[in-house]
Structure formats: C-alpha cells, structure tokens
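A.B. asks: Following this message is one structure expressed as structure tokens.
The values are calculated or read from the model by the stated rules, or taken from the named source; none is laboratory data. Since the structure is predicted, the reported quantities are computational estimates derived from the model, not experimental observations. Here Cβ is always computed from backbone atoms with ideal geometry, including for glycine, and neighbour counts include all displayed protein chains. Ligands, DNA and RNA are stripped out before the accessible areas are found, and what is left, the full protein with its side chains, is counted by its heavy atoms. Shrake-Rupley method; radii C 1.70, N 1.55, O 1.52, S 1.80 Å.
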Amino acid sequence: MRRVLTWHTRAGEVGLLLLKLHLLWVVGSLAGGIVLGVFPATAAVYGVIRGEFLGSGAPREFRRLWRQEFRTANVVGYVFAAAWAVLLVDRRLLESADLGVVEPLLGAVLWLVTLFVSAMTANIWILAAHFDEGPGALVRRSAILVLARPVQALVTLVAAGVILCAYYLVPGLVPVFGVAVPAFASFAYVWGTGVLPRAPGP
C-alpha cells in the first residue's frame with residue numbers, strides 16, 4: 001500500500017512539475033517575442049528536467065537557464081529549422097519533378113536523411129541540457145549519437161512521436177502540458193540508458 005501511495009504521490013509531483021514547466025515555456029517564449037524565445041524556453045525546460053533527475057531541479061531555475069542558454073539555443077534551433085526547411089523544399093521538388101529511374105533512389109535517400117535529422121532533433125535538446133558546449137559541438141555530438149546508437153536514438157524519437165500522436169488525438173492535452181511531456185519522456189528514456197555521464201564535464 002505504501003508503494004502505491006508513493007507512486008501516486010510521485011506521479012502527482014511530476015504532473016505538477018510538467019504543468020509548471022509548460023506555463024514557464026509559454027512565458028519564456030513570449031519573453032523572447034516568440035522568434036527568439038521558443039528555443040531558449042525549450043532548452044530551459046530540458047535543463048529543469050535534467051536537474052530533476054539529478055535531484056537538484058526546480059522550476060525556479062527556468063529563468064536562469066533561459067538566459068544562460070539564450071544564444072546557444074537559438075543558434076541550434078535555427079540550424080535545425082533551416083535543415084527542416086531544406087528537407088521540405090527538397091521533398092516538394094522531388095514530388096514535382098520527373099526524374100525518371102533515379103527518382104525512387106533519390107526518394108529513398110531523402111527519407112533516410114529525414115529520419116536521421118528527425119533522430120538528431122529528438123536528441124539535441126537532451127544533449128544541450130546535459131553538456132555545456134557550443135552549438136557546433138552539440139550538433140556534432142547529436143549526429144555521433146545517432147550514428148553510434150541508432151536504436152536508442154530512434155526509440156527517443158518514437159517516445160516523443162507517440163506523445164505528439166496522443167496530442168493529436170486529444171488536443172486538450174496540448175495547452176496543459178505542451179512541450180514538457182515529450183521532453184520529460186525522451187529525457188527519462190535517455191537518462192535510463194546510461195549514455196549520459198552522471199557528472200559531465202564543462
């Protein structure tokens with residue numbers, strides 16, 4: 001009975017934390033005028049979640065992390081936004097052009113690249129929260145993680161994807177938990193694999 005009570009208490013604490021983080025994410029996004037606020041707010045959410053797993057997390061750290069990660073988060077965020085824009089354009093061009101026998105091959109390559117970038121996107125904010133590195137080093141680390149541990153990277157992607165599907169099916173969850181739930185689920189999985197060092201260096 002005590003174990004069940006403990007589990008319910010912990011679930012309530014995590015739920016409250018995620019709700020607070022979502023509200024802070026909204027405030028942080030607005031603080032940067034959306035354009036410069038979304039990515040630092042996302043980085044701060046992951047940073048607070050990381051602190052939660054280290055036993056030192058608290059929503060009050062959000063503001064400090066938002067400021068601390070402002071430059072790096074925006075550079076990383078817009079690098080990936082540019083990558084997704086290029087992939088989208090490439091997809092449209094491939095659909096509209098008649099390339100003959102090479103079209104299936106190019107389509108397969110584009111799907112592989114899209115999957116690779118998707119896996120990197122699902123992992124980049126986890127790595128950014130855990131490692132104090134610049135944008136270039138984080139992008140490189142994310143690519144190496146996907147190449148070295150493809151199954152783990154894909155499971156992280158699937159974990160976030162399942163939650164996004166749940167959001168699609170139950171839209172009412174979005175204004176309550178937003179980015180906080182996929183962030184928590186993906187970080188929890190990666191943390192549980194042991195791939196992140198428990199005491200990362202600077």
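A.B. asks: Leaving out ligands and nucleic acids, note down the accessible area per residue over the chain with a 1.4 angstrom probe, in whole Å².
C.D. replies: Averaged over the residues of the chain, the accessible area is 56 Å².
A.B. asks: In degrees between 0 and 90, to the nearest 10, how far off the longest principal axis of the chain does helix 70-96 point, with axes built from Cα atoms?
C.D. replies: Long axis of 70-96 versus the principal axis of the chain: about 30 degrees.
A.B. asks: Which of the peptides 118-128, 18-28, 167-177, 137-147 is most tightly packed, and how do the rest follow, going by the mean number of other Cβ atoms within 10 Å of each residue?
C.D. replies: Ranking, from highest mean packing down: 118-128, 18-28, 137-147, 167-177.
A.B. asks: Could you give the angle, 0 to 90 degrees to the nearest 10, between helix 2-31's Cα long axis and the longest principal axis of the Cα atoms of the chain?
C.D. replies: 60 degrees
A.B. asks: Semi-axes of the equivalent ellipsoid of region 147-202: what are they in whole Å, largest first, if each equals the square root of 5 times a C-alpha gyration tensor eigenvalue?
C.D. replies: 26, 14, 7
A.B. asks: I would also like to ask the following. For Cα pairs less than 8 Å apart in space and 6+ apart in sequence, what is the mean separation divided by the residue count of the chain, i.e. the relative contact order in percent?
C.D. replies: Relative contact order here is 23 percent.
A.B. asks: Next question. So between residue 96 and residue 83, what do we pick up on full extension, going 0.36 nm a residue minus the alpha carbon distance?
C.D. replies: 2.7 nm
A.B. asks: Right, something else. Within 10 Å, count the other beta carbons around each residue, average over each peptide in 63-71, 90-98, and list them highest first.
C.D. replies: Sorting 63-71, 90-98 by mean packing, highest first, produces 63-71, 90-98.
A.B. asks: For the chain, modelled as a Gaussian network with Cα springs under 10 Å, which listed residue fluctuates most, 42, 156, 114?
C.D. replies: Taking springs between Cα atoms under 10 Å, the residue moving most is 114.
A.B. asks: Can I ask one more? Between residue 31 and residue 131, how high is the FRET efficiency from 1/(1 + (r/R0)^6) when r is the Cβ-Cβ distance and R₀ = 35 Å? Nearest 0.05.
C.D. replies: Approximately 0.90, to the nearest 0.05.
A.B. asks: Now for a different question. Out of every Cα-Cα pair in the chain, what percent are more than 31 Å apart?
C.D. replies: 22 percent
A.B. asks: State log₁₀ I(q)/I(0) for region 108-202 at q = 0.15, 0.16, 0.20, 0.25 Å⁻¹ as given by the Debye formula over alpha-carbon point scatterers of equal weight, solvent excluded.
C.D. replies: Log-scaled intensity ratios, in q order: -0.62, -0.69, -1.00, -1.30.
A.B. asks: Related question: Could you check how much of the accessible area of region 60-202 is carbon and sulfur, as a whole percent, using a 1.4 Å probe?
C.D. replies: Here carbon and sulfur together make up 71 percent of the probe-accessible area.
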